[in-house]
Amino acid sequence: ADLTVAYFPGWPTTHQLGQDKGWFEQELGMEVDFREFDTGAAMAAAMLSGDVQIAYSMGVIPFTIAVTQGAPLDLVGIAVTYSENDNCVVRDGSGVDTPADLAGKVVGVPFGTVSHYKMLKTFEKLDVDLSSVRVVDMAPPDVAAAMTRGDVDMGCGWEPALSRMLENGRLLVSAQEQESWGLKVFDIIAVNREYAAEHPDRISAFLSVVDKSTDYVAANPEESLSTISRQAGISEDQTRSIMAKFGFPKRDEQLSDAWMGRDVETFIKGVADVMQANGELPKALDDYAAFIKPEFYANSAAR
Amino acid sequence: MSELRVQGVTMTYEGADGQPVRALENINFSMNQDDIVTVLGPSGCGKSTLLNIVAGFLSPTAGRVFVDEREITGPGPDRGMVFQHGALFEWLTVGENVSFGPRMAGVDAATRLASVDELLQLVGLGGFRDTPIYNLSGGMQQRVALARCLANNPDVILMDEPLGALDALTREKMQTLVLKLWQETRKMVFLITHSVEEAIFLGSRLLVMAPRPGHVVKEFQLPFAAAGLSADPREIKSSREFIAVREEVLEMIWSMEEQH
Amino acid sequence: MSELRVQGVTMTYEGADGQPVRALENINFSMNQDDIVTVLGPSGCGKSTLLNIVAGFLSPTAGRVFVDEREITGPGPDRGMVFQHGALFEWLTVGENVSFGPRMAGVDAATRLASVDELLQLVGLGGFRDTPIYNLSGGMQQRVALARCLANNPDVILMDEPLGALDALTREKMQTLVLKLWQETRKMVFLITHSVEEAIFLGSRLLVMAPRPGHVVKEFQLPFAAAGLSADPREIKSSREFIAVREEVLEMIWSMEEQH
Amino acid sequence: MSQSNVRKTRSWLLFWRGNDSGLAKCKTVTFGDPAAVEGGAAYGVLSVLTVGIVWQLVAMAQIVPPLFWPSPGAVFDKFVQIATEGYKGFTLFEHLGISLYRVLAGFGLGCLFGIPVGLGMGLNKFIKGWMDPLIEFYRPVPPLAYVPLVIIWMGIGDGGKVLLLFLATFSIIVISARAGVASVAIQKIHAAYSLGASRWQVLRHVILVNAMPEIFTGMRVAMGVCWGTLVAAEMVAATSGVGWMVLNASRYLNTDIVLMGVILMGVVGFLIDMCMRKLEQKLIPWKGKGRG
Amino acid sequence: MSQSNVRKTRSWLLFWRGNDSGLAKCKTVTFGDPAAVEGGAAYGVLSVLTVGIVWQLVAMAQIVPPLFWPSPGAVFDKFVQIATEGYKGFTLFEHLGISLYRVLAGFGLGCLFGIPVGLGMGLNKFIKGWMDPLIEFYRPVPPLAYVPLVIIWMGIGDGGKVLLLFLATFSIIVISARAGVASVAIQKIHAAYSLGASRWQVLRHVILVNAMPEIFTGMRVAMGVCWGTLVAAEMVAATSGVGWMVLNASRYLNTDIVLMGVILMGVVGFLIDMCMRKLEQKLIPWKGKGRG
Ligand SMILES: Nc1ncnc2c1ncn2[C@@H]1O[C@H](COP(=O)(O)OP(=O)(O)OP(=O)(O)O)[C@@H](O)[C@H]1O
Ligand SMILES: Nc1ncnc2c1ncn2[C@@H]1O[C@H](COP(=O)(O)OP(=O)(O)OP(=O)(O)O)[C@@H](O)[C@H]1O
Ligand SMILES: [Mg+2]
Ligand SMILES: [Mg+2]
């Protein structure tokens, strides 16, 4: 393929409508291949190899890790915001009623992901001593399975596994409350820097199709739902409930201070500092502004 | 007084193509203490089959075998075995191989040790008690096999081509040893061989067998084994009587042999 | 007229402990067309070493070997080899084994085929051209080895215990075949054996060797090989002359042997 | 009852009781005799049936939720469904085909490079000394540990997957080819030279052919290892393949598909090994029949 | 120069040239002679050095960013750092210890159950028929394919990890123990019965001991496979272990740690195999020395 885009399986986003309708191919005038990836880290690794040029809905955390480690990637947009679709669930019968009860319990969470970060920030806010709990590195589906068995007391992750976790558990803290702490959760659109420098028009074109898809979904919700659920490989019901909690900011909103204008950079710097403090990263960079490139989105309207 | 009696033994195998193979047909003979019986015959005439039946590894299609009126139904320590090769336990030392039988029977270590040393002396392996078996030459290994079988004090010693894998010179020495053991221990010996000379030299009685179906063609009563130790073996083998018997036996065998 | 000449050949190995092993010391002899030389001697007296030097697999520490005035520096098709076993190519049929040499030399298939059939006839394996080698008995395999070596039409045939792994009866037949081939092809034959009888029966000349260091003790000129085909082999072997030589040789060998 | 009928019944019985030939009946020593365990395939049928029935019973008893223990019926339904409708854009047959293609490519490359290197190591002290530590070192590294490096270095195409399978094959083939060379009886080499063969002819007509049985054994082992490495290889950004299907289904907690995939991989792996054995019998009939 | 000094120099030279004994010098046929490739370890030193130097040069040339190609120095620094400071709460030594514990537990259990089952299959037609299809079927399934099922069935404790390693060991040990029984020369069995041994004594003193070399070979293979399965096992919700360390480091794109882990696993795997070989020589000195 001329252009390869990484995305998450089971993650129903509006771009899948454009994918289904072939708009990307039309707009870019080339073959566009969409590839499933397990984790943002795998996406980053594949982008390093040069085989993947764009990652749609890469987690902020893997992105932060990658650029801190020196990967030549850039953030060109926000893919999806989803505070409610990524959270920590306490298992019924685990005996955890208040945050203080977490001491000595087992928590399953995929390391180096947004869920992990969110958990760390939540613990910080709730005064839970990280060293008092046993945190286990697991992929969300595994967390869901382990919760059914009762092996973990609290699990963190994203959809669709999050729904499975909620079948026999409840949220530790609601998403609204977390958002009130300024704890945003969003996936980004990342590009291979070298590729973007060579073909800025393609990146902009890509972003314009994303917005076009978002518009179409808003206009034709029912038709879009079935298309997206097919593309994402999950049921229509699941798609509906997950997408209801998704936000898809468009060009103008993305360029505002709430996102790429200002907050994203602050957020990433905050993430990097927390990770450095927790020993997940050797050293955070002083400044992440160099990795945020709003100009591609800005140019997307000109087309 | 021990006695081995083979009564009307017949053995029919099922061949590869389902056809019956008549390996033995109505074999009858008996042997007493003081007998060393050698068996000679072309390949496939049923020698090993007969020995396996006497040893108790095979039960014959018809007929019975007795040792001192006890009917044989399986292997037992009253019949010691010496094979061509491959039957020693390579994970044990010479001494441990020799004392295997007594150890299985629960004889205590001190008693075992004494008899092992005596037996090794007898077969001429005095200083080799703690040597691993695999460091011995083929001839020495067969000495161990003989000692191991004697350690159980069996009534009969059954040997299937015991010297077949040895080179000519070693073989001559081992023939002398077999005769010596036979004369000193006075056990019955039943020995299969492919060598005409060996069969005549070692057997106080010689059975010549023929195939299709396996049967005994002729039995010889021979004087050479009894004389073997006192006189020079090479002289005996060059004697006129020996050569006469050899000619007769060879004649019989060549007339049977029609294979490559 | 072919000739093989061994001149002052000495061979010293480096032993396991770094000590030199004098396997051969100043060996001299030559053989001509019509000679069949047998070599006899106890284990370790350097027989195989000598043969390997003549074959060109080893270069001696000192001395030289010539075939028809050409000095030997490596193996070559002028000297055919027959080993005790394991040298046939089990992935080839009988015919393919026999025609291996000509095939390597680039002889075309039709010519090869004709000579293979002739050779197989000669060694008595007429109908076995397309049989896989592994379906043959040991004796038949040695016939193939002989035919394979003859296919190259060598000047000398070198054999290291060629009949050592065969049973007594097959061995007698093969002895006759060796004599027949020698007389029909008139090639030089150099044959190592452990069997005193075989050495005397097959050799027009017999070299008796002794170890430490390996050297030739005595050479016999013998009449039996020349007569071997016309008269009955068993008669020859029982003749007074034969037995006399045998006694002499055995006496020599027994006096050398001091190992188990 | 006709003659042939009798024979049929009889051979069926033989199969059932494990092909007791007349011989087995006359043997008195059976405990310890390796020949005494031949046959007995009928018990195998029994055992497979038993496992199936227990599985179904447990599923029916609903002791554990189907998420943990899908019924055989459910697994079979999935099989039929995926075989006909496909899974994520490819039919089951295509998934299998893609996986087989990757395995064969990695395996083929492994043989292509492994055999010459192994022969070289068996024949030449310099090549042997040079390659030995490299192979000895990379051999025990779990293929899965390479996966992150392979993605970074090779990207997400089939190249990375094939590289992993190649690495799994290569060391095994090298070692077996080398052992094959070492196993050649020196008499064969000597005989060939004495028959006038050149070095190249000895290599081609004796050493290589003589090493074939060992190489083939290595190939069988390598094929098994390749199949076992397939899932690891298909972790590398795949969108198809049976290994990927299992991993992908596990993400959606589709235990029935996972189980179906596991069984399928077992069956295919078994079939591949059977084919290799048959091939071996056909190509190397002399195997194990040399006399030293 | 003293006598012993001369000898030293000489043996060093021998090592260098690959221990050419006097013999090799007098052989005319070296191409094709397996004995001709003995020694040559010195070339190995050369090859390791060369690889190290090339690696360092490429790193220094900065052709590829260090993220793809960390320098040997960086990898070594990571090794020192993790060895002293630890990685995510455990020292390198502890990670290794935990991994070794898991491998040994799975391996030990595999042997404990595998040997009796293998012996049983070699001795009894019924056991053989019953177990055969089950083992033949599960053997070719890639361990990684089980991982999702193992989590569902066994949870996230060490149990699941050990189960995976157990499964990897079990089939290999069963097959080798069974082959060991089949390899016993019937004369040995016959001899033992004729010497008055009971069935149990034949099993204990002949069959089992006779199968030891084969079982041990199986154990060596199984140990290698276990080590190769370790990373898969530590995918199952681990927080420690070298396999987990590699996986975890790859999430953070710490290529240097990944590479360090890969090298470490290679070295440890190699050392384990060396120990097993030494142990084999010590425990089974008669290996390969029987005469049929
Ligand atoms: N297990 C068997 N099944 C079928 N036929 C057999 C079996 N064992 C032996 N036979 C056949 O029985 C006949 C006698 O065999 P046996 O081994 O007793 O001969 P032998 O005299 O010992 O031969 P050799 O001198 O070669 O050892 C042969 O025709 C042989 O093919
Ligand atoms: N490769 C070798 N390295 C060191 N010593 C050797 C080597 N080959 C043979 N020897 C020694 O050289 C001597 C002669 O050996 P050779 O094999 O020629 O004897 P042989 O007469 O053929 O014995 P046999 O009758 O047992 O075949 C022996 O002492 C042997 O130990
Ligand atoms: Mg027999
Ligand atoms: Mg020799």
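The values are calculated or read from the model by the stated rules, or taken from the named source; none is laboratory data. Everything numeric here is computed off the predicted structure, so don't read it as measured data. Neighbour counts run over all protein chains shown; Cβ positions are idealised from the backbone, glycine included. Each accessible area value is taken on the protein alone, full model and side chains, heavy atoms only, with ligands, DNA and RNA left out. Shrake-Rupley method; radii C 1.70, N 1.55, O 1.52, S 1.80 Å.
Estimated from helices alone, the mean residue ellipticity of chain B at 222 nm is -11000 deg cm²/dmol (sum of -39500 (n - 2.57) over DSSP H runs with n ≥ 4, per residue).
Of the Cα atoms belonging to the range B:66-132, the radius of gyration and Dmax stand at 13.8, 40 Å.
Toward the positive end of the charge dipole of chain A, with +1 on the Cβ of Lys and Arg and -1 on the Cβ of Asp and Glu, the farthest Cα among A:29, A:241, A:165 is that of A:165. Taking amide H as placed 1.01 Å from N in the peptide plane, residue B:217 has its amide H under 5 Å from the amide H of B:208, B:209, B:210, each at least 5 places away in sequence or on another chain.
Residues in the range A:266-277 carry Karplus couplings, in order, of 4, 4, 5, 4, x, 4, 4, 5, 4, 5, 5, 4 Hz; the curve used is 6.51 cos²θ - 1.76 cosθ + 1.60 with θ = phi - 60°, and Gly or Pro positions show x. Computed from backbone phi with θ = phi - 60° and the Karplus coefficients 6.51, -1.76 and 1.60, the 3J(HN,Hα) list for the range A:113-126 is 10, 4, 4, 4, 4, 4, 4, 4, 5, 5, 4, 4, 5, 8 Hz; x is used for glycine and proline.
For chain A, the longest principal axis of the C-alpha atoms and the axis of helix A:40-49 are separated by about 40°. Springs between alpha-carbon pairs under 10 angstrom, Gaussian network model over chain E: which of E:178, E:139, E:220 fluctuates most? Maximum among the listed residues: E:139. Exposure check, 1.4 Å probe, all protein chains in place: residue B:194 carries approximately 40 Å² of accessible surface. Pairs with C-alpha atoms separated by more than 20 Å, drawn from the list C:187/C:237; C:47/D:125; B:180/B:237; B:173/E:289; B:218/C:173; D:188/D:282, are C:187/C:237; C:47/D:125; B:173/E:289; B:218/C:173; D:188/D:282. On a 0 to 90° scale, report how tilted helix A:200-219 is relative to the longest principal axis of chain A, with both axes built from alpha carbons and the result rounded to the nearest 10. Taking Cα atoms only, the helix is inclined about 70 degrees.
Solvent-accessible surface, computed for protein heavy atoms with a probe of 1.4 Å, shrinks by 50 Å² or more for the following residues of the range D:31-45 when the other protein chains are added to the isolated chain: D:31, D:32, D:34, D:37, D:43. Membrane-span-like helices in chain B (whole DSSP H runs, Cα extent of at least 27 Å along the helix axis, mean Kyte-Doolittle hydropathy of at least 1.0): none found.
Remind me, relative contact order of chain B in percent, using alpha carbon pairs under 8 angstrom and six or more residues apart? Relative CO of chain B lands at 25 percent.
What number of lysine-lysine pairs in the range A:184-270 show an alpha-carbon separation below 19 angstrom, given a sequence spacing of 8 or more or placement on distinct chains?
On the way: A:184/A:245; A:184/A:250; A:184/A:269; A:212/A:250.
Number of lysine pairs found: 4.
Cross-link partners for residue D:161 among the aspartates and glutamates, with Cα-Cα distance under 12 Å and sequence neighbours closer than 8 places in the same chain left out: D:234. Just so you know, the Cα atoms of chain C work out to an Rg and Dmax of 18.4, 55 Å.
Listed by chain and number, the lysines placed with their C-alpha closer than 24 angstrom to that of residue E:78 are A:283, E:88; residues fewer than eight positions away on the same chain are left out. Toward the positive end of the charge dipole of the protein assembly as shown, with +1 on the Cβ of Lys and Arg and -1 on the Cβ of Asp and Glu, the farthest Cα among C:89, E:47, A:41 is that of C:89.
Inverting the mean 1/r over all pairs of different Cα atoms, compute the Kirkwood radius of the protein assembly as shown and quote it in Å.
Computed over Cα pairs of the protein assembly as shown, the Kirkwood hydrodynamic radius comes out at 37.1 Å.
Distances longer than 25 Å among the Cα atoms of chain D: what percent of all pairs is that? So the portion of pairs separated by more than 25 Å is 64 percent. With semi-axes defined as the square roots of five times the eigenvalues of the C-alpha gyration tensor, the equivalent ellipsoid of the range B:1-65 measures 24, 13, 9 Å, largest first.
In summary, the range A:185-228 shows an alpha-carbon radius of gyration equal to 1.47 times the 2.2 N^0.38 Å reference for compact globular proteins. Under the criterion of Cα pairs below 8 Å and six or more residues apart, the relative contact order for chain E equals 20 percent. Measuring from a point 7 Å past the Cα of residue E:94 along Cα-to-C-beta, which residues in the range E:232-267 have an amide N at less than 12 Å? Residues passing the 12 Å test: E:239-241. Take each residue of peptide C:51-57, count the partner chain Cβ atoms within 10 Å of its Cβ, and average: the result is 4. A simple rule links phi to the HN-Hα coupling: the Karplus curve 6.51 cos²θ - 1.76 cosθ + 1.60 with θ = phi - 60°, which for the range D:138-150 gives 7, 3, x, 6, x, x, 4, 5, 6, 3, x, 5, 4 Hz, with x for Gly and Pro.
Restricting the calculation to Cα atoms, chain A shows an Rg/Rh of 0.96 when the hydrodynamic-style radius is the Kirkwood one. Taken over the range A:151-301, the percentage of Cα pairs per 10 Å bin, counting from 0 up to the bin with the maximum distance, is 8, 28, 34, 25, 4, 0. Legend: calculated FRET efficiency, residue E:183 to residue C:34, from the Cβ-Cβ distance at R0 = 60 Å, rounded to 0.05, equals 0.70.
When only the Cβ of Lys, Arg, Asp and Glu is charged (+1, +1, -1, -1), the dipole of the protein assembly as shown relative to its Cα centre reaches about 2740 debye. Computed over the range A:66-197, the range of Cα coordinates on each principal axis works out to 54, 28, 26 Å, biggest value leading.
Taking the Cα centre of the range C:76-200 as reference, the dipole from Cβ charges on Lys and Arg (+1) and Asp and Glu (-1) amounts to some 180 debye. The convex hull defined by the C-alpha atoms of the range E:166-263 has an orientation-averaged projected area of 7.9 nm². Put simply, chains D and E cover up around 6300 Å² of each other's accessible surface, both sides summed, when a 1.4 Å probe is used. Close amide H pairs (under 5 Å, H built 1.01 Å from N) link residue C:58 with C:53, E:28, residues at least 5 positions away or on another chain. Position residue C:66: other-copy label points at 7.8 nm, ordered by increasing distance, label point 7 Å along Cα→C-beta.
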